[in-house]
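The values are calculated or read from the model by the stated rules, or taken from the named source; none is laboratory data. Treat the numbers as computed from the prediction; the structure is a model and nothing was measured. Positions of Cβ are generated from backbone atoms using ideal geometry, with glycine treated the same way; all protein chains shown enter the neighbour counts. The area values use the complete protein model at the heavy-atom level, side chains included, leaving out ligands, DNA and RNA. Shrake-Rupley method; radii C 1.70, N 1.55, O 1.52, S 1.80 Å.
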Amino acid sequence: SAKAAGKRQWCHYQPALQAGLVERHELNENLDTAIAESSFKLYYQPIVDLASGALVAFEALVRWPHDRRGMVLPDEFIALAEESGQIVPLGAWVLERAAQEAAAWHRLSAAPRLAQGLPPLRVNVNVSARQFRDAGFVDVVRGAVRTSGITPDVLVLELTESVLMRRDERVHTDMRTLSELGVGIAIDDFGTGYSSLSYLREFPISILKIDKSFIDGLGLSQQQYALVEGITRIADTLGVQVIAEGIENTEQRDLLAAMGCPLGQGYLFAHPLTPDQARRLITDHSPLITPTPHPT
Ligand code: C2E
Ligand code: MG
Ligand code: MG
Ligand code: MG
């Protein structure tokens, strides 16, 4: 029950989609209030260079602090917000907040990073299909970039395959506009949906995020290993950067680094961090995890 779960930091109550009508209605009203009051929080999970351990980006992950339910995770409300259309204003807030936070990171770290030969930290933002389809989406992205003062290449939009599956002209046009604007486009959770490597040539994709389910099996199955290695190699050939999601142990990290996968993300390096924790990590300037030395 929610009461029993209240003691835990993250409250896992009944998923929104399965919840009763009354509860859904209540959640929708709560979401409206939360959107109006901008009472969501963004957490930031590091994305690192697997070879050096250097920080290259953060993925912004939304949380909803709720009076009775505790800190509600996105899996509990994003689908509901998509169905109701509330994802449009919520997603706009996420984009604006994340871009502003990235601008703050640059004030903290641009000069020292430049001295180390490192590019400015990027920020990855999740975009749902409903949000991408909204007629005002491209303008929201433009506005977030302009208002925050970041350069467009600092922003990476993470799209799931559900966006790309609808091969209508609008998707192609908007994708091209965003790409010409200079914003990065990533395919999130690659391998879980109707994955197709043809997306890589059909759309201006700059990053491919290999889903955690493939990383889980890396050290266990020859097939999984071969699959991840193959995807990494093809992506590399096409000039697409790969991020391995959900790295939880050094064995996975080492296997990925050895096959030439450039970037990774996962609890091994860091959990999603509060904005303060993320800023502290940036000003520390130390690699997140010391890479395993090559065997000699
Ligand atoms: P995602 O975009 O694939 O984000 C990665 C999720 O995996 C995050 O869960 C993250 O906390 C979790 N994760 C990262 N490393 C590990 C690991 O090593 N092990 C395990 N077990 N999990 C790991 P989170 O924050 O609960 O987000 C879940 C999903 O909700 C996201 O999946 C994304 O699809 C969606 N989401 C989050 N924030 C937003 C947002 O602002 N807008 C939209 N539209 N969707 C969002
Ligand atoms: Mg994501
Ligand atoms: Mg993902
Ligand atoms: Mg996911």
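In table form, for the structure just shown:
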read-out: Selection count, region 244-258, where residues are surrounded by fewer than 17 Cβ atoms within 10 Å (Cβ to Cβ) and either aliphatic (A, V, I, L, M) or part of a loop (DSSP other than H, G, I, E, B) (or both); value: 3
read-out: Filtered residues of region 204-243 (kept if of a type in the set (V, I, T), assigned to a helix (DSSP H, G or I), more than 16 Å from ligand 4 (Cβ to nearest atom) and surrounded by 13 or more Cβ atoms within 10 Å (Cβ to Cβ)); value: V228, I231, T232, I234
read-out: Evaluation of V156 against (1) closer than 28 Å to I282 by Cα; (2) more than 16 Å from ligand 4 (Cβ to nearest atom) (one fails), failing number; value: (2)
read-out: Tally of residues being outside any strand (DSSP E or B) and modelled with pLDDT under 95 across region 177-203; value: 13
read-out: Any hit, region 209-216, residues being touching a strand residue (DSSP E or B) at 6+ places or on another chain (Cβ under 9 Å), at pLDDT 95 or above and farther than 25 Å from L164 by Cβ; value: no
read-out: Unique match (being out of contact with any His (no Cβ under 8 Å at 6 or more places or on another chain), at positive phi and within 14 Å of ligand 3 (Cβ to nearest atom)) among G117, G149, G191, G182; value: G191
read-out: Those residues of region 152-179 which are among the hydroxyl-bearing types (S, T, Y) and either away from ligand 3 (no atom under 16 Å from the Cβ) or open to solvent by 60 Å² or more (accessible area, probe 1.4 Å) (or both), in sequence order; value: T173, T177, S179
read-out: Region 180-189, residues that are away from ligand 4 (no atom under 14 Å from the Cβ) and either surrounded by 14 or more Cβ atoms within 10 Å (Cβ to Cβ) or within 15 Å of the chain's Cα centre (by Cα) (or both); value: L181, V183, G184, I185
read-out: Long-range neighbours under 8 Å by Cβ, at least six apart or interchain, first residue more than 21 Å from S84 (Cα to Cα) within region 127-153, second basic (K, R); value: D153/R122
read-out: Extreme residue, nearest to ligand 1 (Cβ to nearest atom), among residues of region 190-203 that are closer than 20 Å to M259 by Cβ and open to solvent by 40 Å² or more (accessible area, probe 1.4 Å); value: S195
read-out: Filtered residue count, region 199-217, keeping only those that are closer than 20 Å to L157 by Cβ and not basic (K, R); value: 11
read-out: Residues satisfying the stated conditions in region 36-68, i.e. of a type outside the set (A, V, I, L, M, F, W, C), in contact (Cβ under 8 Å) with a residue 12 or more places away in the chain, open to solvent by 20 Å² or more (accessible area, probe 1.4 Å) and not in a strand (DSSP E or B); value: S38, S39, S52, R68
